[in-house]
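Written out below as C-alpha cells is the structure these notes cover.
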Amino acid sequence: MSNNEPQPQNNFKIIVCVVVGILTIYGVANLWRAHTKNQSDYNEALAWAKIAELGGDWDAADVAYKRALSIKPNDIAVKQLRESGAERHFQDLLSEGKAAEGVDNWEGASAAYQSALKLKPGDSKAENRKNSIINRINPELMSEAKEAEQKKDWDAVTNAYDKVLKIDSQNKNAWYGKGQALEHLMHGTDNVALECFNKALEIDPQFPSALIAKAGYLRGMDAVICYSKALEADPQNDGAWCWKGHELLRIDRIDEAIECYDQALKINPQNAMAWAFKGDALLQHGIKINIILTTECFARVKQCCDRALEIDPENYAAWDTMARTFDVFGTAEEAKACRQKAISLTKPYE
C-alpha cells in the first residue's frame, strides 16, 4: 500500500470529528433557542406583573412574579419587586378595611383584613382589626341567630349564621348552628348540613356537638367511633351515650348497648330516649337468650318503656317497643293499640 493512499483509521477519525462537530453545533443552537425562549417568557412574565399591579390585581401580579422567578430563581431584583408589591397591597388592604369600618360595612372590612392576613399571617395590626370586628359584631349576630332558632325560623337562622361566617369563617359554633338549621330545612335528606358539621370539625376536631351531629349521618362502627370521640371530649354527654348505644344495638352488640344506655341514665335519669332504647335492647336480649320472653324480661322491658312515656308520652321508640313486646307476650289488641300510637308519631331517627 502506497504512503499517499488514505488510511482507513484516519478516515474514521475524520468522520467522528465531523459528527461530533455537527452535534455540538446542534446542541449549542438548541441551548441558545431555549435561552432565548426563557428570556422571552421571563420578560413577558415581568410585563404582566407590572400591568396587573397597575390594575390593582395583586393576585395576578403575584402569579406573574412567581413565573418569572421559576425561570430565574436567584433574581434578587424580581424578589424585591415582589416583596415591595406585596407590602403595598397589604397596606392597601388595611386602608380598605378601615374605610369599610368607617361606613359600618363589617363584612367588607373583615374580608379585607382576612386577605391581608393571607399576605402576612399573624400580622398584629390586621389580626387586631379583624378580632375587633368579631368581638363587636359577632355577639349581635349570634343573638339574632338564637332568637330565630327559638321561633324555629330556619331560613332566618341560616341567614344569620351566614352573616357571622362572612365576618368570622373560623367560628365553629356558627358552622354547627347553620348545619342544624339546614337539617330542619332539608329534613335530614341533604348532605349540605353534614358539610357544615365537617367545617366545624376542621376548626375543632374535638367539638362534641359537631361530632354527635356528624355521627347521625353514619352507620354501624363508623357512627360508634364518632360518638366515642365526642365522649372523649365530653364524657358527661348523655345524648352521645344514648345514640352510641343505639348504633351498637344496630350491629347486635346488645350488652355493650345496654351499658351505654345505663351510662346515659346515670348522667340524666330524664333521658326518655335512653329508657326507650334500653327497653328495646332488653327485648332483643330476652328473645335472643330465651327464644320466648319470660315474665321477668317482659316486666323489665315494660318498666323501661313506661318510664320513657312518663317523661315523654309522645316517644315513638317506647310505643314501638311496647307493640313488639305485646306481639310475643300479650294480647293482639294491646299490640295493635301501641303500634297505631307509634305510627301516629314522627320517627326522630332511622
One residue is enough: does the range 263-270 have a residue meeting the conditions farther than 23 Å from residue 219 by Cβ, more than 38 Å from the chain's Cα centre (by Cα) and either at pLDDT below 95 or of a type in the set (A, V, I, L, M, F, W, C) (or both)? no
Go through (1) over 21 Å from residue 296 (Cβ atoms); (2) hydroxyl-bearing (Ser, Thr, Tyr); (3) crowded, with 24+ Cβ neighbours inside 10 Å one by one and return the number of the condition residue 261 breaks. (1)
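Going through the range 128-184 one residue at a time, which ones are in contact (Cβ under 8 Å) with a residue 40 or more places away in the chain and closer than 15 Å to residue 113 by Cβ?
Within the range 128-184, the first condition is being in contact (Cβ under 8 Å) with a residue 40 or more places away in the chain, and the residues that meet it are 163, 166-169.
Within the range 128-184, 166, 167, 168, 169 qualify.
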Only one of (1) surrounded by fewer than 21 Cβ atoms within 10 Å (Cβ to Cβ); (2) modelled with pLDDT under 80 is not met by residue 126, so which one is it? (1)
Some residue of the range 53-64 being closer than 24 Å to residue 124 by Cβ, modelled with pLDDT of 75 or more, in a helix (DSSP H, G or I) and not charged (D, E, K, R): yes
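Please enumerate the residues belonging to the range 38-66 that are closer than 18 Å to residue 119 by Cα and not aliphatic (A, V, I, L, M). Before you say what the answer is, go through the steps one by one.
Step one: list which residues in the range 38-66 are closer than 18 Å to residue 119 by Cα, which gives 49, 52-53, 56-66.
Correct list: 53, 56, 57, 58, 59, 62, 65, 66.
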Spans of helices (runs of 4 or more DSSP H) in the range 264-350 with at least 3 residues over 19 Å from residue 248 (Cα atoms) and in contact (Cβ under 8 Å) with a residue 24 or more places away in the chain: 295-311, 316-328
Checking residue 95 against (1) without any contact (Cβ under 8 Å) to a residue 12 or more places away in the chain; (2) touching a helix residue (DSSP H, G or I) at 6+ places or on another chain (Cβ under 8 Å), which test does it fail? (2)
For the range 56-81, give me the residue count where each residue is loosely packed, with under 11 Cβ neighbours inside 10 Å and of a type in the set (Gly, Ala, Ser). 2
I need the helices (runs of 4 or more DSSP H) fully contained in the range 130-213, keeping only those with at least 2 residues that are aromatic (Phe, Trp, Tyr), crowded, with 18+ Cβ neighbours inside 10 Å and under 14 Å from the mean Cα position of the chain (by Cα). 172-186
Inspect the range 221-233 for any residue being buried (at least 22 other Cβ atoms within 10 Å of the Cβ) and within 16 Å of the chain's Cα centre (by Cα) and give the result as yes or no. yes
Are any residues in the range 92-105 loosely packed, with under 13 Cβ neighbours inside 10 Å and assigned to a helix (DSSP H, G or I), and if so, which ones? 95, 102
Scope the range 115-137; condition of a type outside the set (Val, Ile, Thr) and within 15 Å of residue 163 (Cβ to Cβ); matching residues: 136
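The values are calculated or read from the model by the stated rules, or taken from the named source; none is laboratory data. Everything quoted here is computed from the prediction, not taken from an experiment. All Cβ positions, glycine included, derive from the backbone under ideal geometry; neighbour counts span all protein chains shown.
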